[in-house]
Each structure stands twice: as C-alpha cells, then as structure tokens.
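The values are calculated or read from the model by the stated rules, or taken from the named source; none is laboratory data. These figures come from a predicted structure and were not determined experimentally. Virtual Cβ from ideal backbone geometry, glycine too; neighbours counted across all protein chains shown. To get the accessible areas, we keep the full protein, side chains included, count just its heavy atoms, and leave off ligands, DNA and RNA. Shrake-Rupley method; radii C 1.70, N 1.55, O 1.52, S 1.80 Å.
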Amino acid sequence: FAFGITMFFWLTACCNMSRLHPLHRGSLERELDSVRKALASEKAARDTDSGESIEAKELLIAQKLHLQHDTDTLRAERDKYLALSKQMETDSVNEQARHRVELIKLQNSLSAAEDEAALSNNKLSSAEARFRMDVQALKDHIEQQRGGIDDRQKKIDTMTQENNRLHGDITELDAALGNLKDERKQLLTRCLQSEEDAEMLQGKVVALRRQVDDTQSALHELGQLNQSLQASKTRQSERHWEDDSNVPNCNRCRTKFSMTVRRHHCRGCGTIFCQGCTSKTARTPHSKKPVRVCDSCFKDLTS
C-alpha cells in the first residue's frame, strides 16, 4: 500500500516537473532520487522478508513432514505391540489349554495326585489372571499413549519375567509328572509281581486241592475196600456148608432141584444154588484158581 502511494506521488511529480521553475525542478529531482532510493531499499527489504518467509514456510513444511513421519512410526510401533500382545495372549490361552488337558489326564490316571494337581491348576490360573491383567494394562497403555517406548519396554521386560516364571512353573509340573509316571511304573511292576505271585499261589492251591481230592478218593477207596474186607471176613466167619438134604430149592431163583436140576455150592459163602445162579467163577481167599461162586460173592470178590 505504501509503495503504491509513493509511486502515485512520483508519477504526479514527473507530470508537474515541466511546469516548475528550474530551481524547484532540481529540488524535486533530488527528492525524487531520495524517494527512488527509499523505494529501492524498501523493495530490497521486502525481498529479504519474502525470502525469510519462504525459508520459514519450508522449515515449517519440513517440520510437518518430520512430525508426520514420527506419527507414522509411532503408529507402526503401536500396531506391532498390539499384534505382539494378541500373539502373547493367544500363546497364553493355548498354553493354558494344554496344561488343563495334562492336568485332566493326571487326575484320571493317578487319583493319588489330585491334591497336587489341584494346587498346580490354581497356581496356573493365578498366573494366567496376572498375565491377562498385565496384557490389559499394556493395551490400555498403548491406546492412551503413543510414546513412551522405554515404559513399554519395561512392561515387556516385566511380562518376560512373568513368562519365564511361568516356564519355570511348567518345568516343575513336568518334573512332577515325570515323578508320578515313575511311581506309576513302580506300582504297575508291583501289581504284575503280585499277580504272578497270586497265580503261583493259585497253582499251588489247585495242586493241593488235587492232592486232597486224590487223598479223599484214596481214603474213600480204602474205606470201600475195608468194608468189602470186613463183609468178606464176616461172610467167611459166618460161612457154613449147607446140607443138600436141607435145601430143596435154589436160594436165588427158587428153582426146585431134581435129577436134571442139580445142586451146586458157592465156594464163597457155601450156599446152594442152581447151575445158572453159580455160572460165574472168581478167586477166593481160600483158592488160587477161579472157582464157582454165586452172583453176590462174584460182585464182592471182583469189586
């Protein structure tokens, strides 16, 4: 605006110079020269200010680009830490599921270790809860603040220590599982040995039972033999040779004796029978050769 006003006065002065006295014209020329110098200096100052404004603008643009780059970097780091947090949470859930399956197997196979398994499960649940709290705290921290890499690194270190502690707990659980498996193997070995001993004892019992049965059978046979001997002895003591005149009929089939049906004495008991009732022969205590005996004596002598 000031430059326009100055130019206006300068043009007006140029138009009026021809009308002025030479003295006045000289002073006006001098004033015009001073005005030209002032305009030149003002123009130079304006050029300088314009250059500085451009440099300031370029500096602001560079700063803006730098800030934009930093913002993109922080966003990338935020996305990376979010992915890391999700991955760690997924790993934690998978690890928890695997340990639960192992604990269920231990509970089903070894009922004696239920108390220890329950304690380990509670310990793992507490560690999982603490781990989830730390992960949630890390998520909140990332959402609220996009800076503070050192703080996030500290949090990651804490989580790493917690993870290492969890791995230590897992190692202890694996060691306990190994001990339980060894105890189970020992118990199985003892059970197999006990079964073998039981089978051996059962075999001995069966053999003894057979011996008892054989002994009882022998005793029964001896009893029968004794009874037979006693009966034979009784018959021998009671044996008497019947008189033919006193026995008109066979003592067994009651056939009447005649000239064709003759009498025959049993060499065992001395009783008179017909030929048909004394058709069998057997050895008697008084005869080495088989002799005629009745059916009753044959049965006693041959049994």
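Odds and ends about this structure:
- In this structure the amide hydrogen of Lys280, modeled in the peptide plane, comes within under 5 Å of the amide hydrogens of Val293, none closer than 5 places in sequence on its chain.
- Accessible area of the stretch 87-143 divided out per residue, in Å², using a probe of 1.4 angstrom: 62 Å²
- Accessible-area order (highest first, 1.4 angstrom probe) of the listed residues Arg262, Arg100: Arg262, Arg100
- Student exercise, the stretch 95-149 dipole from Lys, Arg, Asp, Glu Cβ charges, in Debye to nearest 20: 200 debye
- Å² of accessible area per residue within the stretch 146-217, as computed with a 1.4 Å probe and no ligands counted: 79 Å²
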